[in-house]
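Q: Please see the structure below; I have some questions.
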Amino acid sequence: MNKSMTKKRIKKAAIIMLIFIMTAIIIPVSSIVYSGYREYQKAVSDLPLMEYISLIRSQEDYVTIDHISDTLLEATVAIEDRRFYEHNGIDLIGIARAVTDSLIAKNIVSGGSTITQQLAKNLYFSTDYSLERKVAEAFVARQLEKNLSKEEILELYVNIINYGDNHIGIRQASNGYFQKDPIDLTLDEASLLAGLPQSPSNYQLSNHRDAALIRQKQVLNAMVKEKMITKEQMDELNLKK
């Protein structure tokens with residue numbers, strides 16, 4: 001057998017192997033995407049998104065963005081989703097970073113979810129993780145981004161998120177923890193609250209204040225990194241504690 005025939009057979013075998021690998025990947029992925037899309041369709045058909053949002057906005061504890069401290073909003077973006085104003089609901093760069101961090105740590109250290117995805121999850125889905133649910137969540141996130149401004153998405157997020165100690169939403173958290181309205185939160189208070197939603201049961205102030213204070217330092221460092229506050233402001237706040 002000459003070299004030309006051998007090369008052709010090797011090339012043909014490589015193409016067949018590539019097709020086999022691609023098929024093995026595409027079929028399961030397609031199935032997951034389809035199942036996730038069906039889950040999304042069921043969720044929004046049972047309670048349409050904009051109808052649901054109108055219902056949330058009509059609740060007594062709901063507070064509009066102009067009555068929420070800018071510092072709280074900035075702190076939330078800094079620690080939860082620093083590319084919030086740049087992505088379209090799904091942050092591929094954030095996902096890649098989260099995967100890389102998790103591989104380095106040999107553990108899942110970050111989910112890569114945007115604020116929009118977290119809002120979608122809290123609106124319609126349980127906290128149980130599955131690839132199908134993440135796909136469904138992504139479809140809701142895209143619908144949110146198409147229908148609402150970034151400010152409206154952020155406003156909704158801080159109004160429905162859990163801040164621990166049975167405080168759902170920023171009004172309950174501000175009143176419950178500090179006996180004040182969300183617009184009056186200081187940097188100290190806002191940065192403390194912004195860190196709680198990552199794990200409310202582990203950071204709630206009634207019995208996990210020390211852990212919450214450690215988390216607060218992460219929030220402040222993130223705000224410095226994003227140039228929302230200066231290092232001097234952070235250091236001054238730390239010195240007062």
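Bear in mind these aren't lab numbers, they're just calculated from the coordinates by the rules spelled out. What you are looking at is a predicted structure, and each value in this text was computed from that prediction instead of being measured. In this analysis, Cβ positions are derived from the backbone assuming ideal geometry, glycine residues included, and neighbour counts consider all displayed protein chains.
Q: Rounded to whole Hz and in sequence order, give me ³J(HN,Hα) for region 125-130 from the Karplus expression 6.51 cos²θ - 1.76 cosθ + 1.60, θ = phi - 60°, writing x for Gly and Pro.
A: 10, 7, 7, 5, 8, 7
Q: Could you order the peptides 219-232, 41-54, 178-191 from most to least packed, using the average number of other C-beta atoms within 10 Å per residue? If you can, show how the numbers build up before the last one.
A: On the way: 219-232: 16.9, 41-54: 13.1, 178-191: 18.5.
Put in order of decreasing packing, that is 178-191, 219-232, 41-54.
Q: Can I ask one more? Determine, for each peptide in 75-83, 57-65, 160-168, the mean count of other beta carbons within 10 angstrom over its residues, then list the peptides with the highest first. Can you show the working numbers first?
A: Details: 75-83: 21.6, 57-65: 13.0, 160-168: 19.4.
Answer by packing, highest mean first, reads 75-83, 160-168, 57-65.
Q: Which entries in the list K42/K121; K42/K134; K146/K227 go over 22 Å, if you measure between the two C-alpha atoms of each? Don't skip to the end; give the middle numbers.
A: Working: K42/K121 14 Å; K42/K134 15 Å; K146/K227 29 Å.
Among K42/K121; K42/K134; K146/K227, the Cα-Cα distance tops 22 Å for K146/K227.
Q: Provide the per-residue ³J(HN,Hα) series for region 225-237, in order, calculated from phi with Karplus coefficients 6.51, -1.76, 1.60 and θ = phi - 60°, each as a whole number of Hz, with x at glycine and proline positions.
A: 4, 8, 6, 8, 9, 8, 5, 5, 5, 5, 4, 5, 5
Q: If I model a spin label at D61 and D128 as a point 7 Å from the Cα along the Cα→Cβ vector, what separation in nanometres do I get?
A: It works out to 2.6 nm between the two label points.
Q: Can you give me the long-range amide H partners of D91? Hydrogens built in the peptide plane at 1.01 Å from N, cutoff under 5 Å, separation of 5 or more residues or another chain.
A: Correct list: T114.
Q: Please list, in chain and number order, the residues 5+ apart from K180 or on another chain whose amide H is under 5 Å from its amide H, with Hs placed from the backbone.
A: N175
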